[in-house]
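For reference, the structure is listed below as structure tokens.
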Amino acid sequence: MTASLLAIIPLFTLIGLGYLARRTILDVKMLPALNLFVYYFAVPALLFNAARRQTLDNLFNWPALAAFVLGIILTSLIAVLSSRYLFHCKSPPELVMRGLNSVFANFAYMGIPLTFSLLGASAATISIILAGNLFIIGGAQLWIEALRQHSMSLKQIWTTLDRSLLRNPIFLSTVLGLLASGFNLALPKVVNTTLDMLAPAAIPVALFCLGASLQFRQIQTSLGELSWLITLKLLVHPALTYFAFYLLGVTDPIWLVTTVLLTALPTGALVHVVAMRYNLFEQASSQLVVFSTLISLLSVTFWVNLMI
């Protein structure tokens with residue numbers, strides 16, 4: 001218990017410092033620049049370094065990835081059905097957004113600090129981040145586009161993937177790291193040095209920016225639905241992921257612990273980006289990010305103590 005708290009508390013302390021700075025000394029105009037630095041430079045450098053130092057055999061544990069995807073399917077199915085029949089949401093694209101809120105976690109800004117501090121720079125974290133962006137963010141946007149247009153051409157699929165993945169520096173840096181690993185590429189010393197200088201900034205600055213970005217607004221969505229979606233994200237999703245590992249007979253302890261902890265994280269800010277892009281469930285998604293992040297101090301502590 002003490003060891004896990006000592007690992008978790010610094011992460012939430014940095015989030016709290018960011019929130020406090022936003023309301024005291026930090027000029028709000030500086031925040032976008034800090035976020036851009038983290039999103040386009042620091043986190044990609046960290047992921048590229050971590051990916052290229054792993055072997056492809058370690059990075060692609062197909063049974064574990066299948067269990068991760070099964071957990072996503074089960075959780076999103078519960079979210080969609082409960083929103084449809086308990087909270088009377090009848091719009092299919094809106095239902096997709098509710099499913100997305102229940103399964104997409106803050107993999108980059110919180111997942112990397114949490115799992116790297118507890119388990120080291122494991123291949124599991126890198127693969128889950130890659131799969132999460134591909135299957136959850138990419139898949140949700142394809143689904144919304146298909147529902148809105150009733151069909152999709154290859155050009156529309158490519159446009160959606162280009163917008164959601166191929167311009168995403170976190171996704172691209174991970175793929176480039178995999179390629180560097182696969183081809184055993186040796187980078188020039190100056191490039192290595194630059195990456196090694198950038199990468200350590202990712203974790204503290206990402207958490208600081210996350211805290212500074214938290215904004216509380218009046219809740220317009222049903223409090224019951226908001227609470228239910230947070231429960232799905234923080235408790236049901238990791239529990240079903242654990243069940244999926246058991247069901248598929250995946251016993252690798254590092255992959256099991258890493259995947260459960262990553263799925264136990266709060267809703268990621270990219271969900272709000274998707275909500276704004278399609279003008280769907282926008283304000284509720286914003287509040288789900290905020291409140292699930294706050295409550296995750298308790299839920300993440302619970303899952304860390306349970307799994308480690």
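Being surrounded by fewer than 21 Cβ atoms within 10 Å (Cβ to Cβ), part of a helix (DSSP H, G or I) and either in contact with a His (Cβ under 9 Å, 6 or more places away or on another chain) or at pLDDT 90 or above (or both) narrows it down to one residue among LEU17, LEU6; which is it? Explain how you work it out, then say what you get.
On the way: LEU6 fails: either in contact with a His (Cβ under 9 Å, 6 or more places away or on another chain) or at pLDDT 90 or above (or both).
Result: LEU17 is the single residue among LEU17, LEU6 that is surrounded by fewer than 21 Cβ atoms within 10 Å (Cβ to Cβ), part of a helix (DSSP H, G or I) and either in contact with a His (Cβ under 9 Å, 6 or more places away or on another chain) or at pLDDT 90 or above (or both).
Quickly run through region 75-130 and pick out the residues that are of a type in the set (Lys, Arg) and surrounded by fewer than 19 Cβ atoms within 10 Å (Cβ to Cβ). Step through it out loud before you land on a result.
Initial filter on region 75-130 (of a type in the set (Lys, Arg)): 84, 90, 98.
Correct list: ARG84, LYS90.
All but one of (1) under 22 Å from LEU294 (Cα atoms); (2) in a helix (DSSP H, G or I); (3) open to solvent by less than 50 Å² (accessible area, probe 1.4 Å); (4) at pLDDT below 95 hold for LEU26; which doesn't?
That leaves (2) as the condition not met.
Does region 247-267 include one or more residues that are over 28 Å from PHE60 (Cα atoms), assigned to a helix (DSSP H, G or I) and not small (Gly, Ala, Ser)?
No: region 247-267 contains no residue that is over 28 Å from PHE60 (Cα atoms), assigned to a helix (DSSP H, G or I) and not small (Gly, Ala, Ser).
Are any of the residues in region 63-74 open to solvent by less than 10 Å² (accessible area, probe 1.4 Å), within 17 Å of the chain's Cα centre (by Cα) and farther than 22 Å from PRO238 by Cα?
no
Any chance region 71-90 includes a residue that's farther than 25 Å from VAL260 by Cβ, part of a helix (DSSP H, G or I) and either without any contact (Cβ under 8 Å) to a residue 60 or more places away in the chain or not basic (Lys, Arg) (or both)?
Yes, region 71-90 contains at least one residue that is farther than 25 Å from VAL260 by Cβ, part of a helix (DSSP H, G or I) and either without any contact (Cβ under 8 Å) to a residue 60 or more places away in the chain or not basic (Lys, Arg) (or both).
Exactly one of (1) surrounded by fewer than 17 Cβ atoms within 10 Å (Cβ to Cβ); (2) in a helix (DSSP H, G or I); (3) small (Gly, Ala, Ser) is unmet by ALA186. Its number?
It is condition (2) that ALA186 fails.
Would you point out the residue of region 214-246, among those that are part of a helix (DSSP H, G or I), among the hydroxyl-bearing types (Ser, Thr, Tyr) and open to solvent by 50 Å² or more (accessible area, probe 1.4 Å), that is farthest from GLY99 (Cα to Cα)?
Filtering region 214-246 down to residues part of a helix (DSSP H, G or I) leaves 223-246.
Add one more test, that the residue is among the hydroxyl-bearing types (Ser, Thr, Tyr), and what stays is 227, 231, 241-242, 246.
Of the ones still in play, those that are also open to solvent by 50 Å² or more (accessible area, probe 1.4 Å) are 227, 231, 242, 246.
Working: SER227: 14, THR231: 13, TYR242: 19, TYR246: 23 Å.
Among those that are part of a helix (DSSP H, G or I), among the hydroxyl-bearing types (Ser, Thr, Tyr) and open to solvent by 50 Å² or more (accessible area, probe 1.4 Å), it is TYR246.
If LEU256 satisfies all but one of (1) free of Cβ contacts under 8 Å to residues at least 40 places away in the same chain; (2) surrounded by 15 or more Cβ atoms within 10 Å (Cβ to Cβ), what's the number of the condition it fails?
LEU256 satisfies all of (1) free of Cβ contacts under 8 Å to residues at least 40 places away in the same chain; (2) surrounded by 15 or more Cβ atoms within 10 Å (Cβ to Cβ) except (1).
Out of region 268-285, which residues are in contact (Cβ under 8 Å) with a residue 60 or more places away in the chain, crowded, with 21+ Cβ neighbours inside 10 Å and assigned to a helix (DSSP H, G or I)?
Residues satisfying the conditions are LEU270, VAL271, VAL274, ALA275, ALA284, SER285.
Can you work out which of the residues in region 144-158 that are under 21 Å from ASN279 (Cβ atoms), part of a helix (DSSP H, G or I) and open to solvent by 70 Å² or more (accessible area, probe 1.4 Å) is modelled with the highest pLDDT?
If we take residues in region 144-158 being under 21 Å from ASN279 (Cβ atoms), part of a helix (DSSP H, G or I) and open to solvent by 70 Å² or more (accessible area, probe 1.4 Å), then ARG148 is modelled with the highest pLDDT.
Scan region 168-177 and tell me whether some residue there is closer than 19 Å to ARG277 by Cα, of a type outside the set (A, V, I, L, M) and open to solvent by less than 10 Å² (accessible area, probe 1.4 Å).
Among the residues of region 168-177, at least one is closer than 19 Å to ARG277 by Cα, of a type outside the set (A, V, I, L, M) and open to solvent by less than 10 Å² (accessible area, probe 1.4 Å), which makes the answer yes.
The values are calculated or read from the model by the stated rules, or taken from the named source; none is laboratory data. Note that the coordinates shown come from a computational prediction; the quantities given were computed from them, not determined experimentally. Cβ sites come from the backbone with ideal geometry, for glycine too, and all protein chains shown count toward neighbours. We work out accessible area using only protein heavy atoms, side chains counted, and drop any ligands, DNA or RNA first. Shrake-Rupley method; radii C 1.70, N 1.55, O 1.52, S 1.80 Å.
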